[in-house]
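No lab work stands behind these numbers, since they all come straight from the coordinates. All values reported here derive from a predicted model rather than from experimental measurement. For neighbour counting, all protein chains shown are included, and Cβ atoms are generated from backbone atoms with ideal geometry for every residue, glycine included.
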């Protein structure tokens, strides 16, 4: 693994835009999940983040038969079933319409941020990466080599770890 620090205006601007989109997604998803008395469940990967479903900590909104079965593989998320259970066509139709009309369609794309730091998601998919921001710098730990034109500075692992520890306080 190599460690990099980015403090270029392009990288910081792209981070701020991505961070703003994530905050908007979280706020809209919380409002949406509250319609059902649930909590939002998100899908996050290297390239994007989006609302995946809702998780019920108590009773399901309406009849539980209208919802997919939450499992560990889905992060205990549920969403309206694709097909109405027998004899529940009207209830299913109403739930599906509410879901479709109110579900936030925001998808946080990370491509422009990754490009701003000279990294390609395809390479990161193979090599892995972690990153965070502390003050006016973005720190990366990755096996990929960023494009030198992006302005990243290779740093020691100790500097990376020190910044990571300080940012988690």
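Can you sort 98, 124, 114 from fewest to most other Cβ atoms within 10 Å of each residue's own Cβ?
Ascending Cβ contact count within 10 Å gives the list 98, 124, 114.
At 1.567 mPa s and 4 °C, plugging the Kirkwood radius over alpha-carbon pairs of the stretch 8-60 into Stokes-Einstein gives what diffusion coefficient in µm²/s? Provide the component values of the computation, followed by the final result.
Values: Rh = 12.3 Å.
For the chosen part, D equals 105 µm²/s.
Relative to the longest principal Cα axis of the chain, at what angle does helix 9-34 sit, 0 to 90 degrees, rounded to 10?
The angle comes out near 20 degrees.
Consider just the alpha-carbon atoms of the stretch 86-169 and return their Rg together with their Dmax, both in angstrom.
20.9, 64
Can you sort 66, 12 by how many other beta carbons sit within 10 Å, fewest first?
Working: 66 19, 12 16.
Listed from fewest to most nearby Cβ atoms, that is 12, 66.
Just report the Cα centroid separation between the stretch 125-169 and the stretch 9-62, whole Å.
Taking the Cα centre of the stretch 9-62 as reference, the centre of the stretch 125-169 is 25 Å away.
Could you tell me how many degrees, from 0 to 90 and to the nearest 10, lie between the Cα long axis of helix 157-167 and the main elongation axis, the longest principal axis, of the Cα atoms of the chain?
So the inclination is approximately 50 degrees.
Over all distinct alpha-carbon pairs, what is the Kirkwood Rh of the chain in angstrom? If you can, show how the numbers build up before the last one.
Values: mean 1/r = 0.0546 Å⁻¹.
One over the average 1/r among Cα pairs gives 18.3 Å for the chain.
Can you give the convex hull volume of the alpha carbon atoms of the stretch 61-108 per residue, in Å³?
Convex hull of Cα atoms, per residue: 89 Å³.
I'd like the orientation of helix 89-102 relative to the chain: the angle between its Cα long axis and the longest Cα principal axis, in ° from 0 to 90, rounded to 10.
The angle comes out near 30 degrees.
Return a whole-number percent for the relative contact order of the stretch 15-108, with Cα pairs under 8 Å and 6 or more residues apart as the contact set.
For the stretch 15-108, the relative contact order is 30 percent.
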